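Enquirer: Just dropping this structure here.
What follows draws every value from the coordinates through simple rules; no lab data is involved. Here the structure is a predicted model, which means the values were calculated and not measured. Cβ placement follows ideal geometry from the backbone for every residue including glycine, while neighbour counts extend to all protein chains displayed.
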There are 2 protein chains.
Amino acid sequence: MCIYTNVTVTAFGALADPTRRRIVEALGAGERSVNDLVARVDIRQSGVSRHLRILHDAGFVTVRVEGQHRFYSLRPEPFLELAEWVSGYRTTWERRLDRLGRVVEGRSQARPTKREEPR
Amino acid sequence: MCIYTNVTVTAFGALADPTRRRIVEALGAGERSVNDLVARVDIRQSGVSRHLRILHDAGFVTVRVEGQHRFYSLRPEPFLELAEWVSGYRTTWERRLDRLGRVVEGRSQARPTKREEPR
DNA sequence: AGTGTATATACACATAAACGTATATTATAG
DNA sequence: CTATAATATACGTTTATGTGTATATACACT
């Protein structure tokens, strides 16, 4: 039914924490080991492992085990879902988008979608 | 430098709560009064007012005061910012996107994204 | 075997978040 | 002016979340 209460449920929660966003940001450049991530975030290793667990449960990361190392990397699905969710409000955020002069999506410009029915 | 720690900070937190997402969903169809929203969400009016305050602080909604009524409606900016944030991971989520056969952005063709189910 | 390294998990704790009840505020009706 | 409706806020309580320390597990090397 509605995409809002389905997958995105955990996605927003997972990204609500700034440390987790920093981890995701670090993983944006490619896969990283846990200690590698610890070096970039100012919490202890245990905290990073916990955050990685949360991100993993939310579908944001996969692990590639190599010996005693674990390399985490981003999974595309949650980002796709987020993009879908936001695009559901496209008419909303395109209202003012025109005067900002450009479109995020890399397309040229937006159509003047005018829809507003105050119930 | 990174867009992640700027505005999106509060945005994800605001959307982390399912009730707030339901409110946002309801506002997607247009502006609504507080009591109107209370009818759609199964918490009390005080809770809805609190959520609206949080959404307002996060920039998601504006108020139009009309007599004793307050009509809340969505602001486009946070959605734009979210779209920007996600598009920063475009290379990530486009990796697997092809085999899903469609693009969220509507560039390709029909997307079975059907929503608009206020409940 | 034993030692060291990489990561996860258990536990305790502190803080934050969400909720309901009750109350305050403001506007409107009578 | 009083009563009522619409909304916001204060307060107390419960539950969730993030953190560190300490410990466990798994591998690697000697």
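Enquirer: Anything in the stretch B:55-77 that is within 12 Å of chain A (Cβ to nearest Cβ), of a type in the set (A, V, I, L, M, F, W, C) and within 12 Å of residue B:23 (Cα to Cα)? List them, or say none.
Expert: Listed by number, the residues that qualify are B:60, B:61, B:74.
Enquirer: Mind listing just one residue for me: the one in the stretch B:12-66 that is among the β-branched types (Val, Ile, Thr) and assigned to a loop (DSSP other than H, G, I, E, B) and, of those, farthest from residue A:89 (Cα to Cα)? Even if it seems obvious, please write down each step before you answer.
Expert: From the stretch B:12-66, those among the β-branched types (Val, Ile, Thr) are B:19, B:23-24, B:34, B:38, B:41, B:43, B:48, B:54, B:61-63, B:65; that's our starting set.
Going one step further and asking which of them are assigned to a loop (DSSP other than H, G, I, E, B), we end up with B:41, B:43.
Numbers: B:41: 20, B:43: 24 Å.
Of everything passing the filter in the stretch B:12-66, B:43 is farthest from residue A:89 (Cα to Cα).
Enquirer: More than 10 Å from every other protein chain (Cβ to nearest Cβ) and either more than 10 Å from DNA strand C (Cβ to nearest atom) or under 21 Å from residue A:12 (Cα atoms) (or both) - does that describe any residue in the stretch B:16-23? Please lay out each step first, then the result.
Expert: Pass one, the stretch B:16-23, residues more than 10 Å from every other protein chain (Cβ to nearest Cβ): B:19, B:23.
Of the ones still in play, those that are also either more than 10 Å from DNA strand C (Cβ to nearest atom) or under 21 Å from residue A:12 (Cα atoms) (or both) are B:19, B:23.
Yes, the stretch B:16-23 has at least one match.
Enquirer: Further question: For residue A:21, state whether it is within 22 Å of residue B:78 (Cβ to Cβ) and within 11 Å of DNA strand D (Cβ to nearest atom). Spell out the reasoning first.
Expert: On the way: within 22 Å of residue B:78 (Cβ to Cβ): yes; within 11 Å of DNA strand D (Cβ to nearest atom): yes.
The answer is yes for residue A:21.
Enquirer: Quick check, is residue B:64 within 12 Å of DNA strand D (Cβ to nearest atom) and either of a type in the set (Lys, Arg) or crowded, with 17+ Cβ neighbours inside 10 Å (or both)?
Expert: Numbers: within 12 Å of DNA strand D (Cβ to nearest atom): yes; either of a type in the set (Lys, Arg) or crowded, with 17+ Cβ neighbours inside 10 Å (or both): yes.
Yes.
Enquirer: Among (1) surrounded by fewer than 13 Cβ atoms within 10 Å (Cβ to Cβ); (2) away from DNA strand C (no atom under 16 Å from the Cβ), which single condition is residue A:57 missing?
Expert: All conditions are met except number (2).
Enquirer: Just checking, how many residues over the stretch B:73-95 are under 13 Å from the mean Cα position of the chain (by Cα) and not hydrophobic (A, V, I, L, M, F, W, C)? Walk me through it before giving the result.
Expert: At the first step, the residues of the stretch B:73-95 found to be under 13 Å from the mean Cα position of the chain (by Cα) are B:73-83.
Then keep just the ones that are not hydrophobic (A, V, I, L, M, F, W, C); that gives B:73, B:75-78, B:81.
Count: 6.
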